[in-house]
Amino acid sequence: MDIRKVTVLGAGQMGSGIAQTFLQSGFTVTLYDIDQEAVNRGFSAIGTALTRLVNKGRMTEEQKSLVLQNITLSTNLENASDSDLVIEAAPEKMETKKTLFKALERICMPQTIMATNTSSLSITEIAAVTNRPEQVIGMHFMNPVPVMPLVEIIRGLATSDGTADCIRTLAQALGKTPVEVRDFPGFVSNRILMPMINEAIYTVYEGVAVPEAVDQVMKLGMNHPMGPLALADFIGLDTCLAIMETLHQGFGDSKYRPCPLLRNYVKAGWLGRKTGRGFYIYEGRG
Ligand SMILES: NC(=O)c1ccc[n+]([C@@H]2O[C@H](COP(=O)([O-])OP(=O)(O)OC[C@H]3O[C@@H](n4cnc5c(N)ncnc54)[C@H](O)[C@@H]3O)[C@@H](O)[C@H]2O)c1
């Protein structure tokens, strides 16, 4: 299938990054969010990122203007009606995703591929609310999307070969490397990453070390480019908690229990960079 028009649902850090990546590869993009402020913030983040590329000499001012002509901002889901591909990047909540996919089934063209950027939730369960589960697939980008080379591709039980082939080819057209994995909680990426982050939070919770020390140990000792707590703040602590809940419920194994400190931070609204405070404080945000 020939993909030209793409709608991205959710204009947060992942949605805006996904939109930017498609725009830079010449696609026409509609960026949708339920919140007009979020759409404006997402658009402004894309503008800032492109300006940085211009300043670094990796894009001309003319190319930037042309790229920005191919984006439509929207708070009306009906605008997805002429898209060849929809990628959902709304919050990591099963009910939110199911509601969106149910609506998409009515709005989109019969051949439209419906992808989700979920970090951990069942593709099969999301697909089952539609009458075309063969066209539903997980297309899991990494954060920050324009920079990270991996796209984890997850087929639901009913996903067709045609849909998987199309998404694999598309990921390559975006300059990414697709890796296909099976539909299990957290897939591969977050089944491995998130328990490490949760364990880092436990070390703070139990008073073993302060966040700076935990991150230094992992950076200087294990050669990680970012410490796990700085990474958790970057991902968003609400998203980290949602992923741990999915692993815990999905496998029924107590080794995945979310740390109470993580729950408390989320209750406090300390979600990391996006709210200005998590394990660290970020000036000028939130
Ligand atoms: N943060 C990461 O590092 C990361 C990495 C890979 C995948 N993901 C996944 O991407 C998705 C989005 O994560 P994020 O970090 O961009 O979150 P975010 O909080 O930055 O953005 C979510 C956006 O969705 C909007 N939204 C809420 N309800 C909506 C609805 N019904 N329809 C459309 N938009 C809605 C919000 O207004 C917000 O702008 C989640 O499923 C998450 O698990 C996140």
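The values are calculated or read from the model by the stated rules, or taken from the named source; none is laboratory data. Keep in mind it's a predicted model, so treat the numbers as computed, not measured. Glycine also receives a Cβ, built like all others from the backbone with ideal geometry; neighbour counts cover every protein chain displayed.
Against the condition over 16 Å from the mean Cα position of the chain (by Cα), within 13 Å of the ligand (Cβ to nearest atom) and surrounded by 16 or more Cβ atoms within 10 Å (Cβ to Cβ), how does Ile243 come out, does it pass? Answer is no for this residue.
Out of all the residues in segment 73-91, which are out of contact with any Gly (no Cβ under 6 Å at 6 or more places or on another chain) and buried (at least 22 other Cβ atoms within 10 Å of the Cβ)?
Within segment 73-91, Ala80, Ser83, Leu85, Val86, Ile87, Glu88 meet the criteria.
Confirm whether Tyr282 is at pLDDT 95 or above, surrounded by fewer than 18 Cβ atoms within 10 Å (Cβ to Cβ), hydroxyl-bearing (Ser, Thr, Tyr) and in contact with a helix residue (DSSP H, G or I) (Cβ under 8 Å, 6 or more places away or on another chain). Considered against the rule, which asks whether it is at pLDDT 95 or above, surrounded by fewer than 18 Cβ atoms within 10 Å (Cβ to Cβ), hydroxyl-bearing (Ser, Thr, Tyr) and in contact with a helix residue (DSSP H, G or I) (Cβ under 8 Å, 6 or more places away or on another chain), Tyr282 comes out as yes.
Within the option set Ile201, Ile243, Ile192, being free of Cβ contacts under 8 Å to residues at least 12 places away in the same chain, of a type in the set (Val, Ile, Thr) and part of a helix (DSSP H, G or I) holds for one residue only, Ile192.
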